[in-house]
1. Considering the stretch 11-41 alone, what residues qualify as being of a type outside the set (Phe, Trp, Tyr) and touching an Asp or Glu at 6+ places or on another chain (Cβ under 7 Å)?
2. Would you call residue 125 touching an Asp or Glu at 6+ places or on another chain (Cβ under 6 Å), surrounded by 15 or more Cβ atoms within 10 Å (Cβ to Cβ) and within 28 Å of residue 170 (Cα to Cα)?
3. Can you find a residue that is within 13 Å of the chain's Cα centre (by Cα) and either in a helix (DSSP H, G or I) or at pLDDT 95 or above (or both) anywhere in the stretch 181-191?
4. Kindly check whether there is at least one residue in the stretch 111-125 that is at pLDDT 95 or above and either touching a Leu at 6+ places or on another chain (Cβ under 7 Å) or at positive phi (or both).
5. When only residues in the stretch 103-147 that are part of a helix (DSSP H, G or I) and of a type outside the set (A, V, I, L, M) count, which is nearest to residue 80 (Cα to Cα)?
6. Would you pick out the residues in the stretch 163-180 that are touching a Phe, Trp or Tyr at 6+ places or on another chain (Cβ under 8 Å) and either of a type in the set (Asp, Glu) or modelled with pLDDT under 95 (or both)?
7. Would you tally the residues in the stretch 44-93 being in contact with a Cys (Cβ under 6 Å, 6 or more places away or on another chain) and either part of a loop (DSSP other than H, G, I, E, B) or within 30 Å of residue 17 (Cα to Cα) (or both)?
Amino acid sequence: MGYARRMPETRPPYDLATALLIVDVQNDFADPAGSLSVRDGAAVIPVLAAEIEEALDSGALVAYTQDWHPAKTPHFAKDGGVWPAHCVMQTWGAELHPELPVAGHVVRKGSNGEDGYSAFTMRDPLTGETIETELHDLLRRRGVTRVVVGGLATDYCVVETALDALRLGYETVLLTEAIRAVDLQPGDGERAIERMREAGATIVGRAVPGPGEGAVAGTRAGSADDDAAGAG
């Protein structure tokens, strides 16, 4: 069952106390040629572009996250981790998608080989120690109390970012039209959304209509191809 039957068509609120967080919309995840391409991942870009414009017009902060891995890291399967090499710093795959408007601060994560998925925290791969990114400090300095979250992928970096935001006390809004799931196991994306809902996130939909079409509140988040695994 698609999200259209479950969610009202609504707009997330934007104001000076709100930040739009755009998670890992990078070539390796959003482009079909990417090493961890998420099926239909590029479909989030026009939705996010409209949200960026709305957020900026309302004085809200826009922030982006970017996986930025060294060539050798315990995050990669070849070095003992889980994932194929992806988003290696200074490569095409690590770049934010060229069709995504970039009009805010970019938070890079994993530069020193750290593991983890959240935009707010990373883990030292040897000690397991939790390390904060600069995002929480950035939001506090701007007086942000609410975050709107979209990007890739629903069942990895998006869900962990939203859960961390809730843990840190932010009112958290999940923009379902701006996410897509890996779905290594069927339903992973749906289960991730339920985790966010149960933790206290507000789940909303917003569609960008095509020519001659009306807006529809939500379509099902895509899954990865059978031979593709992804993170984001």
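The values are calculated or read from the model by the stated rules, or taken from the named source; none is laboratory data. Just so we're clear, the structure is a prediction, and the values are computed from it rather than from any experiment. Methodologically, a virtual Cβ is constructed for each residue, glycine included, from the backbone with ideal geometry; neighbour enumeration extends over all protein chains shown.
1. Here is the first cut: in the stretch 11-41, the residues of a type outside the set (Phe, Trp, Tyr) are 11-13, 15-28, 30-41.
Across the stretch 11-41, the qualifying residues are 20, 24, 26, 27, 34, 35, 36, 37, 39.
2. When the stated conditions are applied, residue 125 passes them.
3. Quick first cut of the stretch 181-191, residues within 13 Å of the chain's Cα centre (by Cα) only: 181-182, 189.
Checking which are either in a helix (DSSP H, G or I) or at pLDDT 95 or above (or both) leaves us with 181, 189.
Looking through the stretch 181-191, at least one residue is within 13 Å of the chain's Cα centre (by Cα) and either in a helix (DSSP H, G or I) or at pLDDT 95 or above (or both).
4. Within the stretch 111-125, one or more residues are at pLDDT 95 or above and either touching a Leu at 6+ places or on another chain (Cβ under 7 Å) or at positive phi (or both).
5. Within the stretch 103-147, the match that is nearest to residue 80 (Cα to Cα) is 136.
6. Within the stretch 163-180, 164 is the sole residue that qualifies.
7. Of the residues in the stretch 44-93, 1 are in contact with a Cys (Cβ under 6 Å, 6 or more places away or on another chain) and either part of a loop (DSSP other than H, G, I, E, B) or within 30 Å of residue 17 (Cα to Cα) (or both).
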